[in-house]
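Encoded as structure tokens, the structure appears first; notes follow it.
A short reminder: the numbers here are calculations on the coordinates, not readings from a lab. No experiment lies behind these values; they were computed from the predicted model shown. A quick note on method: Cβ atoms are made from the backbone with ideal geometry, for glycine too, and the neighbour counts reach across all protein chains shown.
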Amino acid sequence: MQLSLELKPLEIIKEYRWITLDEQKQFCEFLKESGFAIDKIKWCATEFEKSRCTVNYEHTEKIHYLPCGVRGRCPRCSMSYAHDRSDTMYRWIRQNIADKVSFDLKMNQIVLTLPEKLQDIDTKIFSKMINHFMKSFGLEAYAYSIHTRHSKNPLADRFVHGHVLTLNIKQENNSLIQNDYYFNLDLMRDYWKQTIEKFTGVMVEGDVNLKNEYASVINDSEKIRHWLAYLYRYPIQDLFDVQIRKGSINYLEKSQFEKIQELINEPKPRLVWCGLLTSTKRKLLLKLLDVSESFWLDLPDIIQEKRIRSKQCRDCGSPYVVYDRGKYTGDNEPLLL
């Protein structure tokens with residue numbers, strides 16, 4: 001243990017590791033039995049770099065675990081990416097919009113599903129259905145992501161559904177005002193049912209499955225980040241969860257090699273931003289917020305700001321410098337609920 005001049009233990013900032021060593025070992029064994037190369041994933045985050053302040057060695061040190069960078073196949077790197085991307089997007093919404101409006105900005109999460117007989121629908125048509133549904137409710141700021149796999153059984157048959165995130169803002173008289181964020185679920189189900197029938201020509205019997213919940217961008221930041229991270233995740237995370245973390249399904253008993261290959265190779269679902277949240281509406285949004293462009297942060301600005309901050313001493317802002325490297329011994333395993 002390193003000590004300061006006062007013989008007190010030096011504080012160390014340790015990165016979150018996302019998965020345990022045992023989970024990593026189990027998942028690598030699963031991939032190996034399924035016929036996949038595991039060298040990089042097995043090595044991922046087993047070594048660390050330790051950094052300290054260049055000005056004062058008694059300032060807070062930092063440990064960075066070296067990643068393999070194989071997103072889409074390595075669950076650790078995939079989780080890290082999703083949460084980092086979520087954090088960036090949250091900061092963008094918080095700093096550019098939530099901190100600038102006079103009301104409590106809310107985000108809605110809406111999940112739209114289809115009857116079983118429509119699971120072969122073209123995703124382009126489904127995208128049009130989502131946009132039509134959003135406009136029916138007068139929503140002017142939203143994002144959506146279309147998924148074709150069930151998170152609780154990622155290798156099962158095709159399951160098309162849409163995740164939509166909305167913000168309760170709309171334009172009126174050249175200004176940005178508060179829009180609805182609490183909706184009548186019966187009315188929403190009725191609108192979604194009408195939308196399905198309009199675009200597919202298939203009459204839907206009974207109620208459609210639809211979920212809706214909302215949270216404050218400022219006061220419920222963890223929930224907002226969780227929603228965003230869920231939509232930025234890679235499919236490999238769902239496979240890891242059911243096979244290793246939750247142990248709810250054992251795919252090795254079902255000879256799922258080809259399906260695992262398909263899951264790994266398929267593109268990650270995109271999160272598409274619409275209406276006032278698109279780049280083409282940026283000037284309009286700035287005008288409605290009544291702020292100049294100099295007070296606006298683009299995503300590259302936020303990413304660069306985070307990158308610079310990660311290389312600075314948490315106590316004084318001086319540069320960090322790597323001074324040691326070693327093997328991870330299991331002293332910082334994530335706590336699993």
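Any idea which of S310, I249, Q24 is furthest toward the positive side of the dipole for the chain, if Lys and Arg beta-carbons carry +1 and Asp and Glu beta-carbons -1? Value: S310.
Under a model in which nothing but the beta-carbon of Lys, Arg (+1) and Asp, Glu (-1) is charged, the chain shows a dipole of about 640 debye around its Cα centre. Measuring from a point 7 Å past the Cα of R270 along Cα-to-C-beta, which residues in the range 92-128 have an amide N at less than 17 Å? Under 17 Å, as judged by backbone N against the label point of R270, lie 122-128 of the range 92-128.
For the range 189-315, a crude dipole built from +1 on the beta carbon of Lys and Arg and -1 on the beta carbon of Asp and Glu, taken about the Cα centre, is about 400 debye to the nearest 20. Across the cross-link table entries K211/K306; K32/K327; K106/K246; K117/K152; K100/K211; K246/K311, which are compared at the Cα atoms, the separations over 25 Å belong to K211/K306; K106/K246; K100/K211; K246/K311. Across the range 60-75, the residues whose backbone nitrogen lies under 14 Å from the label position 7 Å along the beta-carbon direction of R325 are 64-68.
In the chain the longest region clear of GluC sites (Glu not before Pro) that are loop-assigned by DSSP and have at most 12 other C-beta atoms within 10 Å covers 7-204.
For all pairs of alpha-carbon atoms in the chain, what percent lies in each bin of width 20 Å, listed from the first bin to the last filled one? Per 20 Å bin, starting at 0, the Cα pair percentages come out as 25, 51, 22, 1. Placing pseudo-labels 7 Å out from each Cα toward the beta carbon at F199 and F36 gives an inter-label distance of 3.1 nm.
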